[in-house]
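S.K.: Following this message is one structure expressed as structure tokens.
Please treat every number below as a calculation from the coordinates, not as lab data. All figures in this text were calculated on a predicted structure; none of them were measured in a lab. FYI the Cβ positions are ideal-geometry reconstructions off the backbone, even for glycines, and counts take in every protein chain you see.
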Number of protein chains: 2
Amino acid sequence: LPAVMVRLMSTASEANKEAAKGQGEAGKKEAAKGEGAKEVVINSYWGIEQSNKLVREDGTEWKWTCFRPWETYTADTSIDLTKHHEPKTMLDKIAYWTVKSLRFPTDIFFQRRYGCRAMMLETVAAVPGMVGGMLLHLRSLRRFEQSGGWIRTLLEEAENERMHLMTFMEVAQPRWYERALVLAVQVVFFNAYFLGYLVSPKLAHRVVGYLEEEAIHSYTEYLRDLESGKIANVTAPAIAIDYWRLPANATLKDVVTVVRADEAHHRDVNHFASDIHYQGMQLKESPAPIGYH
Amino acid sequence: LPAVMVRLMSTASEANKEAAKGQGEAGKKEAAKGEGAKEVVINSYWGIEQSNKLVREDGTEWKWTCFRPWETYTADTSIDLTKHHEPKTMLDKIAYWTVKSLRFPTDIFFQRRYGCRAMMLETVAAVPGMVGGMLLHLRSLRRFEQSGGWIRTLLEEAENERMHLMTFMEVAQPRWYERALVLAVQVVFFNAYFLGYLVSPKLAHRVVGYLEEEAIHSYTEYLRDLESGKIANVTAPAIAIDYWRLPANATLKDVVTVVRADEAHHRDVNHFASDIHYQGMQLKESPAPIGYH
Ligand SMILES: [Fe+2]
Ligand SMILES: [Fe+2]
Ligand SMILES: [Fe+2]
Ligand SMILES: [Fe+2]
């Protein structure tokens, strides 16, 4: 039997309207207090109600603005971490060895500082989904054709990777030369992926598939060091507990475990996307997966 | 009282998993039948379950892949359509007159063919949200900082505009020279908005605010011609009925009414975003509105 999705259809807009009412009243109170009055005036003119009155399942205030309660989820950690696409064609081998050769400098740079490594790599990992999603969006507009849900899927991947970064930011602090490096790497990688996706989406998705395989490997090593005590298994950042709906006493180990499951999903989605192109189809011809962030 | 958002927290992933189970079985059956076997093998290797087993509220099959049941909503048509940002500063005036001067060629080109006009303009309208969302996403990654929810808000605006296009595509068919024009306009506008947003997001959001004011005006004229019978008030496209949860007997007039309400929301969001910059703040300092598509 197909699953009944109706419970998801209880509209966000309706709940938002309720939130808006509450917020409107709060706004008036604030204006009365005289603080931030200018902001409130502008808010009320444009009828904009903000998200700071959202609440958690337990009724406590929702403290995040960078993601909302309905974007949270429970990671499927039962996913097979060992799946691998055997490179057979020339294009696959180019993708595979591109990723493998990028690992050497990364290993040398970070050694076993897996927290830093995770943080830095997530700044890169969030680029392909955004570039792919944007290019498919622009194509959809130009050609007056639908996307098969792939735009949303790729954009959600990008947002999920950004949430990984927001999480690891709480665990490791970037140093000044790492910040500088991120800028340089982003400019190069954004442009390379942009051009690569235009030339061969087949290759682009395959490269991401292999990058995700490497990510799974890195997070497995991170977990090993957390388990052996080489890295302190600190308390999970609050943002991670809310995003992945972890128990209140979750630790860094739990966070790395769910992040790794996310990467395995990205691996599946991207290898699958590449496979669709290998079959001579366009992504829109094969509906996008859902719930794979 | 703050609204209780808990009902939204019933996770999408869980429902997806249920959908996945159903789909998995369906996949096996299909493989047994021997048709599309190659696809099914790839699907099952990557564990990808697709969205074609989603159902509507009434239990009938969900036929769209370009949007999902939980992205549908009821438009708030009570929104004030007459709001206007009086251009005061030099920058406001530049934004205002840029938009006004773009109206002349548009009026001449389309005359009163409001269906075509709507379709063509939506291909442009879906660009700013994507560009703004992408640039904020890349900045968030580079600076290791949160977005205040603005990335999601701008991307949702872009997706909403794309749905407008998917709707009007059903009503008007683009001609070959219109298709060619879209390509040229997209290249120019994408690059102009990209650079504009980098130089002055304040100006960029103001321009979009004024574009939306013009869109409201155009849709009001479209409605007038639909009411007077100058344009046939045909049945609403099926995609529109599902996306905006319209009654089964909805007409083009209902569709234009909800689209116009969406544009009014975009107007509010973009003028508001520009106002935030005018106050010397960055968007992330003022949480993004929710539910404004
Ligand atoms: Fe990641
Ligand atoms: Fe990933
Ligand atoms: Fe629109
Ligand atoms: Fe709009």
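S.K.: Residue by residue through A:64-76, how many Cβ atoms from other chains fall within 10 Å of the Cβ on average?
M.R.: 6
S.K.: In addition: What is the extension gain from A:Val234 to A:Thr89, computed as 0.36 nm multiplied by their sequence separation minus the C-alpha to C-alpha distance, in nm to one decimal?
M.R.: This chain segment gains 47.8 nm when fully extended.
S.K.: Sticking with this structure for a sec: Averaged over its residues, how many other protein chain Cβ atoms are within 10 Å of peptide A:146-158's Cβ atoms?
M.R.: Averaged over the peptide's residues, the number is 5.
S.K.: Taking amide H positions as placed in the peptide plane 1.01 Å from N, state which residues far from A:Trp62 in sequence (5 or more) or on other chains have amide H under 5 Å from it.
M.R.: HN-HN under 5 Å from A:Trp62: A:Leu54, A:Val55, A:Arg56.
S.K.: Which trypsin sites (Lys or Arg not before Pro) does segment B:125-180 hold that lie in a coil by DSSP with at most 10 other beta carbons within 10 Å?
M.R.: Sites meeting the loop and neighbour criteria: B:Arg175.
S.K.: Within segment A:115-131, whose backbone N sits under 19 Å from a point 7 Å along Cα→Cβ of B:Arg139?
M.R.: A:123-124, A:126-127, A:130-131
S.K.: Right, here's the next one. Give the separation of the Cα centroids, segment A:206-267 to segment B:255-293, in Å.
M.R.: One Cα centre to the other: 35 Å.
S.K.: What FRET efficiency comes out for B:His217 versus A:Leu198 if R0 is 35 angstrom and r is the Cβ-Cβ distance? Round to the nearest 0.05.
M.R.: For B:His217 and A:Leu198, the calculated efficiency is 0.45.
S.K.: Residue-wise, which Karplus ³J(HN,Hα) couplings in Hz belong to segment B:135-142, taking 6.51 cos²θ - 1.76 cosθ + 1.60, θ = phi - 60°, and x for glycine or proline?
M.R.: 5, 5, 4, 5, 5, 4, 5, 5
S.K.: Using θ = phi - 60° and the Karplus form 6.51 cos²θ - 1.76 cosθ + 1.60, what ³J(HN,Hα) does each residue of segment A:165-177 get, whole Hz, x for Gly and Pro?
M.R.: Calculated HN-Hα couplings, in order: 4, 4, 6, 6, 3, 6, 9, 10, 9, x, 8, 4, 6 Hz.
S.K.: So what are the ³J(HN,Hα) numbers for segment B:90-103, from phi and the Karplus equation (6.51, -1.76, 1.60; θ = phi - 60°), rounded to whole Hz, Gly and Pro as x?
M.R.: For segment B:90-103, the Karplus-derived couplings read 4, 5, 4, 5, 4, 4, 4, 6, 4, 5, 4, 6, 6, 6 Hz, x marking Gly and Pro.
S.K.: Also: Could you tell me the distance between the Cα centroids of segment A:103-126 and segment B:126-148, to the nearest Å?
M.R.: The distance from the Cα centre of segment A:103-126 to that of segment B:126-148 comes to 22 Å.
S.K.: For A:Thr251, enumerate residues with amide H under 5 Å from its amide H, sequence gap 5+ or separate chain, H modeled in the peptide plane.
M.R.: HN-HN under 5 Å from A:Thr251: A:Ala236.
S.K.: If you don't mind, another one. Grab the eigenvalues of the alpha-carbon gyration tensor for segment B:216-261, scale each by 5, take roots, and send me the semi-axes largest first in whole angstrom.
M.R.: Equivalent-ellipsoid dimensions as semi-axes: 18, 13, 6 Å.
S.K.: Let me confirm one metric for peptide B:163-169, namely the mean number of other chain beta-carbon atoms within 10 Å of its residues' beta-carbons.
M.R.: Counting Cβ atoms of other protein chains within 10 Å of each residue's Cβ and averaging gives 2.
S.K.: Continuing with the same structure: How many angstrom lie between the Cα centre of segment B:163-196 and the Cα centre of segment B:71-88?
M.R.: About 23 Å separates the Cα centre of segment B:163-196 from the one of segment B:71-88.
S.K.: Can you compute the charge dipole magnitude of segment B:213-288 about its Cα centre, using +1 on each Lys and Arg Cβ and -1 on each Asp and Glu Cβ, nothing else charged? Give it in debye, rounded to the nearest 20.
M.R.: The dipole magnitude comes to about 200 debye.
S.K.: List B:Lys83, B:Lys88 from most exposed to least, where exposure is judged by having the fewest other Cβ atoms within 10 Å.
M.R.: Ordered by Cβ neighbours within 10 Å, fewest first: B:Lys88, B:Lys83.
S.K.: So the label point sits 7 Å from Cα along the Cα-to-Cβ vector; using that for B:Trp97, what distances do you get to the other copies, in nanometres, sorted shortest first?
M.R.: In nanometres, ordered from closest: 5.9.
S.K.: If you don't mind, there's one more thing I want to ask. Taking the label point 7 Å from Cα in the Cβ direction, how far apart in nm is A:Thr82 from each other copy of itself, listed shortest first?
M.R.: Reported distances to equivalent positions: 7.1 nm.
S.K.: Trypsin sites (Lys or Arg not before Pro) within segment B:188-259: which are DSSP loop residues with at most 14 other Cβ atoms inside 10 Å?
M.R.: Listed in order of number, the matching sites are B:Lys230.
S.K.: Could you tell me whether segment A:187-289 comes out rounded, prolate or oblate from its Cα gyration tensor? Rule is a ≥ b ≥ c as square roots of the eigenvalues, rounded for a/c under 1.5, then prolate if a/b exceeds b/c, otherwise oblate.
M.R.: Note, shape of segment A:187-289 comes out prolate.
S.K.: So which GluC sites (Glu not before Pro) in segment B:75-182 pass both tests, a DSSP loop state and at most 16 other Cβ atoms within 10 Å of the Cβ?
M.R.: Within segment B:75-182, the qualifying GluC sites (Glu not before Pro) (loop, at most 16 other Cβ atoms within 10 Å) are B:Glu145.
S.K.: Under the convention of a label 7 Å out along Cα→Cβ, give the distances in nm from A:Arg112 to the same position in every other copy, shortest first.
M.R.: Label-point separations across copies, in nm and ascending: 7.9.
S.K.: According to the Cα gyration tensor, what semi-axes, each the square root of 5 times an eigenvalue, does the equivalent ellipsoid of segment A:118-237 have, listed from largest to smallest in whole Å?
M.R.: 31, 16, 13
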